[in-house]
Amino acid sequence: EHHSSPSIGVTLFGEKTETIAEPLKRADLAMYQAKAAGRNTVRFFDPKMQAMVTQRAELEEDLRDAMLNDQFELHYQAQFNDQGQLFAAEALIRWRHPERGLISPAEFIPIAEDTGLITILGYWVLNTAMQQLAKWAEHPEFAGLTLAVNVSPSQFHQKNFVDQVTDVIDLTGADPRRLKLELTEGFSISNIEEVIARMSSLRQRGVSFSLDDFGTGYSSLSYLKRLPLDQLKIDQSFVRDILIDPNDAAIAKMVIVLADSLGLSVVAEGVETLAQKAFLEQQGCRAYQGYLYSKPLALAEFEAFALRAYQISYS
């Protein structure tokens, strides 16, 4: 007796003259949709699927060209403490397409991850951010800022990841104590000892770590307490409805209490209103990021914004 769990793609043919390759392509696309839907299911071909695949293929080709033609840039989103002081920023990659303008990371990062290009992009982000930190160190208005940089699971699990980070630190001359690497909650911990060793090695150089999107996945608390973290981030999906959804409010409060018990700092992202900020502050959150303060800004705009914030804080 044998049980199988097939993913089946189905298409119609015979309505028009075509080669056998055409319906097979359509069925193949439908089959991959069945796999994406969780496997062991059936999906029919839809012309919209073909359009999506074509668009994705074009975007992937453009993405490779973008890496060769320097079309990426970093934007910076401010982080404020409960005293109203700008103390950090998150570096966020943007793609300035020559025809489509700015393309959201939500559109091209998944493609970069699927194709393996994310490791190259990740190194570019890290190197660019550290160069910026080195420049800011020469100006008192920016010298105290910490810069958070997102690290993809693929990038973190590269064998030479620690060497990459330390090499960038040495080449740029930036202060590693001003660098915070953000790991997503969903990054695979297939070898917890290796993960701890890598994080500990970089912490010895002064680099700190934040766990991003906390609460959106299935974190193991046994892993969490062992990881050498410095910060937890409350995901914006919980902050958005924190005033009207008791579950979101409870999760945000849980993250704050958990972080406090583990000796970690907390920053809430996606804060858009004073009421949200007040609720989070009441629960013990002391750092905030979101449109209440600033959207992600291009370098020149961010520096102008930071100067105003610096002058207000010290006037």
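List of remarks:
- Complete set of residues in region 281-313 that are within 21 Å of residue 104 (Cα to Cα), part of a helix (DSSP H, G or I) and out of contact with any strand residue (DSSP E or B) (no Cβ under 8 Å at 6 or more places or on another chain): 300, 301
- Looking only at residues of region 286-301 that are within 22 Å of the chain's Cα centre (by Cα) and over 23 Å from residue 235 (Cβ atoms), we find that the one that is most open to solvent (accessible area, probe 1.4 Å) is 301.
- All positions within region 199-223 that are open to solvent by less than 40 Å² (accessible area, probe 1.4 Å) and at pLDDT below 95: 211, 212, 214, 215, 217
- Taking (1) out of contact with any Leu (no Cβ under 6 Å at 6 or more places or on another chain); (2) within 16 Å of residue 297 (Cα to Cα); (3) touching a residue at least 40 places away in the same chain (Cβ under 8 Å) in turn, residue 104 satisfies each apart from (3).
- Residues that are more than 28 Å from residue 144 (Cα to Cα) and not charged (D, E, K, R), drawn from region 57-94: 57, 59, 63, 66, 67, 68, 69, 71
- Filter result for residue 86 (surrounded by 13 or more Cβ atoms within 10 Å (Cβ to Cβ) and in contact with a strand residue (DSSP E or B) (Cβ under 6 Å, 6 or more places away or on another chain)): yes
- Residue in region 163-172 that is out of contact with any Pro (no Cβ under 9 Å at 6 or more places or on another chain), open to solvent by 40 Å² or more (accessible area, probe 1.4 Å) and either at pLDDT below 95 or of a type in the set (Phe, Trp, Tyr) (or both) present: no
The values are calculated or read from the model by the stated rules, or taken from the named source; none is laboratory data. Here the structure is a predicted model, which means the values were calculated and not measured. Positions of Cβ are backbone-derived with ideal geometry, glycine not excepted, and every protein chain shown enters the neighbour counts. The protein model used for the area step is the full one, side chains on, heavy atoms only, and it has no ligands, DNA or RNA in it. Shrake-Rupley method; radii C 1.70, N 1.55, O 1.52, S 1.80 Å.
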